[in-house]
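Please read the structure below before turning to the comments.
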Amino acid sequence: MDEERTALLYAVSAICDASATQDFMDVENGIKAKARPSASKETLQILTDVVLKQVDLVAVDLQQFAQHAGRKKISAEDVLLCARRQPDLAATLQEYHRANFLGSATRKRKDRS
């Protein structure tokens, strides 16, 4: 798990840097100019822990949705169900699913595998 945590820490750091840079550029083009903030190592570690805990929660939800539907495999519908309380995320996932998966393969009527 150490390699995964290190990779996730790197990704969280990159996202924070990109967000801070974008915010800085937006402010720079506006009225006020501020110094570009950076996240401390402790902050990045805490954010990484939050992401890992959230991933664990989503994994449990996905397993329960599939089990409730009588399936042994998690499906795209389970992922969309997890995202139902975040309309923007759900719309993005639905669009991605439609563009990449629907129509390209024949679907079974009921997949109980």
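The values are calculated or read from the model by the stated rules, or taken from the named source; none is laboratory data. Treat the numbers as computed from the prediction; the structure is a model and nothing was measured. Cβ atoms come from the backbone with ideal geometry, glycine included; neighbour counts cover every protein chain shown.
Computed quantities for the displayed model
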| quantity | calculated |
| --- | --- |
| Selected residue (criterion: surrounded by the most Cβ atoms within 10 Å (Cβ to Cβ)) from residues of the stretch 1-22 that are outside any loop (DSSP other than H, G, I, E, B) and either at pLDDT below 80 or among the hydroxyl-bearing types (Ser, Thr, Tyr) (or both) | Ser13 |
| Close pairs from the stretch 13-28: first at negative phi, partner surrounded by 14 or more Cβ atoms within 10 Å (Cβ to Cβ) and modelled with pLDDT of 70 or more, Cβ under 7 Å, at least 6 apart | Ser13/Leu44; Cys16/Ala39; Cys16/Leu44 |
| Pairs where the first residue, in the stretch 61-72, is touching a residue at least 24 places away in the same chain (Cβ under 8 Å) and the second is among the acidic types (Asp, Glu) and surrounded by fewer than 16 Cβ atoms within 10 Å (Cβ to Cβ), C-beta under 7 Å, 6+ apart | Arg71/Asp111 |
| Neighbours by Cβ (under 8 Å, 6+ apart or cross-chain): first from the stretch 38-58, surrounded by 12 or more Cβ atoms within 10 Å (Cβ to Cβ); second among the β-branched types (Val, Ile, Thr) | Leu44/Val12; Leu47/Val12; Thr48/Val12; Val51/Val12 |
| Condition met for Arg71 (surrounded by 12 or more Cβ atoms within 10 Å (Cβ to Cβ), part of a loop (DSSP other than H, G, I, E, B) and modelled with pLDDT of 95 or more) | yes |
| Where Arg85 falls short, out of the listed (1) within 18 Å of the chain's Cα centre (by Cα); (2) loosely packed, with under 12 Cβ neighbours inside 10 Å; (3) modelled with pLDDT of 95 or more | (3) |
| Unmet criterion (only one of (1) surrounded by 10 or more Cβ atoms within 10 Å (Cβ to Cβ); (2) at pLDDT below 95; (3) within 19 Å of the chain's Cα centre (by Cα); (4) among the charged types (D, E, K, R)) for Asp111 | (3) |
| Residue match in the stretch 23-39 (condition: at pLDDT 95 or above and of a type in the set (A, V, I, L, M, F, W, C)) | no |
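Here's the yes/no breakdown for (1) in a loop (DSSP other than H, G, I, E, B); (2) over 27 Å from Val12 (Cα atoms); (3) in contact with an Asp or Glu (Cβ under 6 Å, 6 or more places away or on another chain):
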site: Leu57; (1), (2), (3): no, no, no
site: Asp61; (1), (2), (3): no, no, no
site: Arg85; (1), (2), (3): yes, no, no
site: Leu89; (1), (2), (3): no, no, no
site: Glu95; (1), (2), (3): no, no, no
site: Ala99; (1), (2), (3): no, yes, no
